[in-house]
1. Restricting attention to the range 83-104, does a residue exist that is β-branched (Val, Ile, Thr) and part of a strand (DSSP E or B)?
2. Please go through the range 74-97 and pick out each residue that is among the small types (Gly, Ala, Ser) and within 14 Å of Thr159 (Cα to Cα).
3. What is the number of the single condition among (1) without any contact (Cβ under 8 Å) to a residue 60 or more places away in the chain; (2) assigned to a loop (DSSP other than H, G, I, E, B); (3) hydroxyl-bearing (Ser, Thr, Tyr) that Ser253 does not meet?
4. Could you tell me whether the range 57-79 includes any residue that is in contact (Cβ under 8 Å) with a residue 24 or more places away in the chain, farther than 19 Å from Gly263 by Cα, out of contact with any strand residue (DSSP E or B) (no Cβ under 7 Å at 6 or more places or on another chain) and of a type in the set (Asp, Glu)?
5. Suppose we keep only residues that are of a type outside the set (Asp, Glu) and not in a loop (DSSP other than H, G, I, E, B) within the range 210-219. Which one would you say is surrounded by the most Cβ atoms within 10 Å (Cβ to Cβ)?
6. Go through (1) more than 14 Å from Ile241 (Cα to Cα); (2) in contact with a helix residue (DSSP H, G or I) (Cβ under 8 Å, 6 or more places away or on another chain); (3) not aromatic (Phe, Trp, Tyr); (4) not in a helix (DSSP H, G or I) and name the single condition Val192 misses.
7. List the pairs whose first member sits in the range 119-135 and is more than 17 Å from Gly89 (Cβ to Cβ), whose second member is crowded, with 17+ Cβ neighbours inside 10 Å and of a type in the set (A, V, I, L, M), and whose Cβ atoms are under 8 Å apart, counting only residues at least 6 apart or on separate chains?
Amino acid sequence: MPVIPRLLILLLACLLPWQALAADAPLRIMSFNIRLPAESDGVDYWETRKPLAVRMLREQQPDVIGLQELVQAQAEYLARELPAYAWFGRGRNADGGGEHMGVFYRKDRLKVVESGDFWLSDTPDVPGSITWNHLYPRMVTWALFEQRSDGKRFYLFNTHLPYRDQDEAARLKGAQAIARRLAALPAGVPVVLTGDFNTAPDSQVHAVLAQTLQDAWTTTPRVEGSEATFHGFTGNADKRIDWVFVRGVQLESIASITTRWGGRYPSDHFPLLATLRLP
């Protein structure tokens, strides 16, 4: 047998099992409030934490990351340090600045078919719009993803609801707005919703979303880590305000990522990592 064909056969024999494994691998989807750069955080300022965030993401290897409290400088740093990922998203303000609902994804595994944003207000298509007594604009960034291995598609929606105690009515309106958008999606395409919802699972906000979506934390076969996610850099979380909701997928597990290095955490929230399969 000629040398070149033999080498090609050996190469294909090595590649095909890997390709089959990649096609069969579950999706790993993360929700991560990364905490914006705030000098008031002192020793937990972003400049101190940023290598920890990168280390955590390299270790966990999510396929998709829905980020909250992300600003442009943080996104650019992550993009430089994590070249396997691409990202999209814009700031919530009218000029595109401010907090991003940025989404990072593995370029080798997924491609974006379409994407967009809408604001949680009475004028959802107006960038930077504020109603419902919001202190700041609130928004959703979304995408229709396609797996490169088999063409299977799913939607990813990522959001961050307002945080003040008096914002519960606004949070509820936001959840209702998201639910309406999800109801208008093409039937049969799986959906994943990630976010910091800033309210408890016994709230009306959760109830509205749970009408048509599964809370991954309470419905997956395997759960690991802390149920509560907000810990304020202490590691002692007391609020489950970060959620992953799904529809039309097979859940395998969910975990809160509680690792730290040198007594420091990547953020004041524990990231959530859901593992799932598309039908």
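The numbers here are math on the coordinates, done by the rules we state, and not lab data. All of these numbers come straight from a predicted model, not from anything done at the bench. Note that each Cβ is placed from the backbone with ideal geometry, even for glycine, and that neighbours are counted across all protein chains shown.
1. Yes - at least one qualifying residue is present in the range 83-104.
2. Once the filter is applied, which keeps residues that are among the small types (Gly, Ala, Ser) and within 14 Å of Thr159 (Cα to Cα), the range 74-97 yields Gly89, Gly91.
3. (2)
4. No; the residues of the range 57-79 include none that is in contact (Cβ under 8 Å) with a residue 24 or more places away in the chain, farther than 19 Å from Gly263 by Cα, out of contact with any strand residue (DSSP E or B) (no Cβ under 7 Å at 6 or more places or on another chain) and of a type in the set (Asp, Glu).
5. For the range 210-219, the residue satisfying everything is Ala216.
6. All conditions pass for Val192, except number (2).
7. Qualifying pairs under 8 Å: Ser121/Ile130; Trp132/Leu120; Trp132/Ala170; Asn133/Ala170; His134/Leu120; His134/Ala170.
Residues checked against (1) assigned to a helix (DSSP H, G or I); (2) surrounded by fewer than 18 Cβ atoms within 10 Å (Cβ to Cβ); (3) under 17 Å from the mean Cα position of the chain (by Cα):
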position	(1), (2), (3)
Leu185	no, yes, no
Pro201	no, yes, no
Val208	yes, no, no
Pro221	no, yes, no
Thr234	no, yes, no
Val244	no, no, yes
